[in-house]
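J.: The structure's right below; bear with me while I get my questions together.
The values are calculated or read from the model by the stated rules, or taken from the named source; none is laboratory data. A quick note: this is a predicted structure, and the numbers were derived from the prediction, not measured. Using ideal geometry, Cβ is built from the backbone for each residue, glycine included, and neighbour counts are taken over all protein chains shown.
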Amino acid sequence: MTDATAKKRFAMPRELRIIFSAGCLVFVLMYLVVPQFANARKVHPLHLLASLNPLLVALAIIFELAAIYAYVELTRTVMYPYAPSRYSTLRVNLAGLAISHVIPGGTAPAGALAYRIFNELGVPRETNAFGLAAQGSGSAVVLNIIFWMALVISIPLRGFNPAYGFAALAGVFLMLAFFGTILLITRGQRHADNWLRFAAQRVPAVNPDAVSALLKKIAERITMLINNRRTLWWAFTWAGLNWLLDAGCLWVFLWSFGYPISPIDLLVAYGLANILAAIPITPGGLGIIESILISTLVGFGVPHAQAILAVLAYRLVNFWIPIPIGGAAYASLQWRRGPEARPGATSETGPAPAA
């Protein structure tokens, strides 16, 4: 039996994947989300909408827009000096965001889409591959650092929750994998090259020499980024701002419903929800983030009604609205036929600055 035959034989049919994903979504909604609403029926939360401050709603939206801008700058920083214009990078990020919000495990197809479009925008393959990998994994590392720092302050004041330990342990494995991969590529490149060649020889239509050349160029990109402290600093800064501004959007919505909790408590709830939502069960952590945020915020003293409305308002801005906007962004990229859409073309604004 050939490798291709074995892969085809054991691949899950598309219909079963859809049923499995739908079943997971129904499970999350029925056993995690719906009970939150059932518990809140006693307090009639909808009357709180009448006292909602539109200026605070506008401020929350500004925070979310600023978070998206920070992610654009993170993308351009890790792709320096070949990054496309901010407008093009924004559209690619929005298109990927939309895909990740409608497909379980959507970060993989979103990354594939971004890789293809950035190639068309003239970003070299090795810079493209390294940039997208560094953007995703580096951003996750920054989130874990923020979560750990909040835990160090929160646990002596609020006590320990078993879910904190699970999320922190998951973060430890992520950090080990992230820095271990960097160490393997930069310090143990010969061993990594031998392993990848061995694996590539067993995959049809894959050229081991091309894989080896790509590994060498990615190692050069990592070394360049590590040696360029200013670029590395800005990459971590933009990643941190992306998470903090997004969390700020949730905090403003809590404020708009009358409960601006401690920023430390907010970051613990926010970090816990986003770290556990990294498990690709539902698109963009749909249902998981809502249930964890609501239950954790209630544990920190936010009334159930206010917690539900604040989280739903936040997820409307953070999750649902970007889907049609991302679809429109992808459509604009498909219709565009300017010089930046041709492979090998240069950026509209030239090379991106380090920050």
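J.: Name every residue in the range 108-126 that is part of a helix (DSSP H, G or I) and surrounded by fewer than 20 Cβ atoms within 10 Å (Cβ to Cβ), in order of residue number.
T.: Ala108, Pro109, Gly111, Ala112, Leu113, Tyr115, Arg116, Asn119, Glu120, Arg125, Glu126
Results for (1) modelled with pLDDT under 90; (2) closer than 24 Å to Ile153 by Cα, shown as yes or no for each residue.
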{"site": "Thr231", "(1), (2)": "yes, no"}
{"site": "Thr237", "(1), (2)": "no, yes"}
{"site": "Ala247", "(1), (2)": "no, yes"}
{"site": "Pro260", "(1), (2)": "yes, yes"}
{"site": "Leu267", "(1), (2)": "no, yes"}
{"site": "Ala305", "(1), (2)": "yes, no"}
{"site": "Val311", "(1), (2)": "no, yes"}
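J.: Follow-up. Could you please give the count of residues in the range 72-91 that are part of a helix (DSSP H, G or I) and under 17 Å from Ala239 (Cα atoms)?
T.: The number of residues fulfilling the criteria is 10.
J.: So, one more: Do we have Leu59 as aliphatic (A, V, I, L, M), surrounded by 11 or more Cβ atoms within 10 Å (Cβ to Cβ) and at pLDDT 90 or above here?
T.: Here the answer is yes, as Leu59 does meet what is asked.
J.: Could you check how many residues of the range 69-97 are farther than 15 Å from Tyr330 by Cβ, without any contact (Cβ under 8 Å) to a residue 60 or more places away in the chain and of a type outside the set (Phe, Trp, Tyr)?
T.: The qualifying residues number 1.
J.: Follow-up. Please verify whether Gly344 is touching a Phe, Trp or Tyr at 6+ places or on another chain (Cβ under 6 Å), modelled with pLDDT under 90 and closer than 28 Å to Ser137 by Cβ, treating the condition exactly as stated.
T.: no
J.: Residue under question is Ile103, and the condition is that it be in a helix (DSSP H, G or I) and either surrounded by fewer than 21 Cβ atoms within 10 Å (Cβ to Cβ) or touching a helix residue (DSSP H, G or I) at 6+ places or on another chain (Cβ under 8 Å) (or both); does it hold?
T.: Taking the combined requirement at face value, the residue does not satisfy it.
J.: Then there is this: Could you check the range 272-286 and list, in sequence order, the residues that are touching a residue at least 24 places away in the same chain (Cβ under 8 Å) and within 14 Å of Ala108 (Cα to Cα)?
T.: Within the range 272-286, Ala278, Pro280, Ile281, Thr282, Pro283, Gly284 meet the criteria.
J.: Return the pair list, or none, for Cβ contacts closer than 8 Å from residues in the range 303-317 that are in contact (Cβ under 8 Å) with a residue 24 or more places away in the chain to residues that are in a loop (DSSP other than H, G, I, E, B) and aliphatic (A, V, I, L, M), at least 6 apart or on different chains.
T.: Ala310/Val302
J.: Just a yes or no: is a residue in the range 136-150 more than 16 Å from the chain's Cα centre (by Cα), closer than 20 Å to Asn318 by Cβ and modelled with pLDDT of 85 or more?
T.: Yes - at least one qualifying residue is present in the range 136-150.
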